[in-house]
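I have placed the structure first, in the form of structure tokens, so that the comments after it can refer back to it.
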Amino acid sequence: MRWFWIDHFVEFETGRTAAAVKNVSLAEEHLHDHFLGFAVMPSSLVIEGLAQTGGLLVGEHYQFNERVVLAKVSRASFHFMARPGDSLTYQATMQDINENGAMVAGTSHMGDRLQAEIDLVFAHLPSRENDERELFDPADFLAMLRLLRLYDVGRQSDGSPLTIPAHLLQAEQAMEAATDLN
Amino acid sequence: MTNEDVFSKVQTALVDALGVDDDEVTPEATMVGDLGAESIDFLDIVFRLEKSFDIKIPRGELFPEDILTNAEYVEDGKINDEGLAKLKEKLPFFDLSEFERNPVVQNFANILTVSDICRYVESKIGANQA
């Protein structure tokens, strides 16, 4: 089981903006007991979904070579609660990015209705000697990006398709080769 | 830009980043003790200052973690003379006299005031205009 709080990307322009869809379903267990008898999408998980949308926008800017972590939720206001059957679109817009981290402004919409406004700060974990551990296995990570259709919709700023970083492709090929051997 | 303009913009950045009220952000207020800034807030503050003043703040310049965590400059949790000299060289805009009396690493963040931030920004703007 994975911690997925977006279903897939619908828009992704490198270094600028990303949009992802989250379909809220009563099949999700967390809706059953958050408020007993009143099923709503917990606001904290809307923040998590926007953090995933924005975090991948931040990570992609440096070809996923930086270790990106959510450092701070600067602002979160919610205008109504999302309920089972609702489809939310999370839009993350890059405000600033440098070697230390990034600031992202986010919104959640249901159709034309603004559901939430969430501003996030991400940090790039500094690399330390003898500690180059990855946050994710690169082959698994690429599988996740494919699942989220990032490279189906991803575009460079000139409109050309986004390319998959070589280090992720190599990890995927190495994993496939190892699987074949087994 | 006058010193009042700098203070006003720094105040806005700190109000937005730390969720404090305008009147809490006085020149004498300490970042950690009075305004409740945590280490990760400094990243947020740096972004806001860069944007507001159109300056570039390199990693470790406003908060010199590279000196404060360097075994060469830290002995038994205190900054040694060499480290203090390095801090003064790197942070000429900070008033370190209070810190020098008892240079415990953990105290460093506590002595940083809103005035120090303003002086830092003024030095950056001055460098840009030079």
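General remarks:
- For the protein assembly as shown, calculated [θ]222 nm from helices alone, where every DSSP H run of n ≥ 4 adds -39500 (n - 2.57): -11500 deg cm²/dmol
- Out of every Cα-Cα pair that the stretch A:1-41 contains, those further apart than 13 angstrom amount to 63 percent.
- When the convex hull of its Cα atoms is projected in every direction, mean area for the stretch B:3-129 (nm²): 7.3
- Cα centroid separation - the stretch A:93-127 against the stretch B:88-121, whole Å: 31
- Counted by neighbouring Cβ atoms within 10 Å, the residues B:D21, A:D137, B:D41 run from fewest to most as B:D21, A:D137, B:D41.
- Contact order relative to length of chain B, as percent, for alpha carbon pairs under 8 angstrom and 6 or more apart: 31
- Neighbour counting of Cβ atoms within 10 Å sorts the residues A:R146, A:R113, A:R67, B:R119, fewest neighbours leading, into A:R113, A:R146, A:R67, B:R119.
- Counted by neighbouring Cβ atoms within 10 Å, the residues A:F136, B:F93, A:F38 run from fewest to most as A:F38, A:F136, B:F93.
- Phi to ³J(HN,Hα) by Karplus 6.51 cos²θ - 1.76 cosθ + 1.60 over the stretch B:87-100, Hz, x for Gly, Pro: 4, 5, 5, 7, 10, x, 8, 9, 8, 9, 4, 4, 5, 4
- Here is what passes the span test in chain A: the DSSP H helices with alpha carbon length of 24 Å or more along the helix axis and a Kyte-Doolittle mean of 0.0 or above are A:43-61.
- All other residues whose Cβ lies under 10 angstrom from that of B:S115 are scored, Lys and Arg at +1 and Asp and Glu at -1, for a net of -2.
- Relative frequency of Cα-Cα separations exceeding 24 Å in the stretch A:37-147, percent: 32
- Summed residue charge, Cβ within 13 Å of B:K56's Cβ, Lys/Arg positive, Asp/Glu negative: -2
- Range of Cα positions in the protein assembly as shown per principal axis (Å), largest first: 61, 51, 42
- Pairs of lysine residues in the protein assembly as shown that meet both criteria, 8 or more places apart or on different chains and Cα atoms under 27 Å apart, total 23.
- Residues whose amide H lies under 5 Å from that of A:Q115, counting only those 5 or more places away or on a different chain, are A:S108, A:H109, A:M110; hydrogens are built 1.01 Å from N in the peptide plane.
- In order along the stretch B:38-43, the phi-based Karplus estimate (6.51 cos²θ - 1.76 cosθ + 1.60, θ = phi - 60°) of 3J(HN,Hα) comes to 9, 4, 6, 5, 5, 5 Hz; Gly and Pro are listed as x.
All of the numbers you see were taken from the coordinates with simple rules; none came from a lab. A quick note: this is a predicted structure, and the numbers were derived from the prediction, not measured. Positions of Cβ are backbone-derived with ideal geometry, glycine not excepted, and every protein chain shown enters the neighbour counts.
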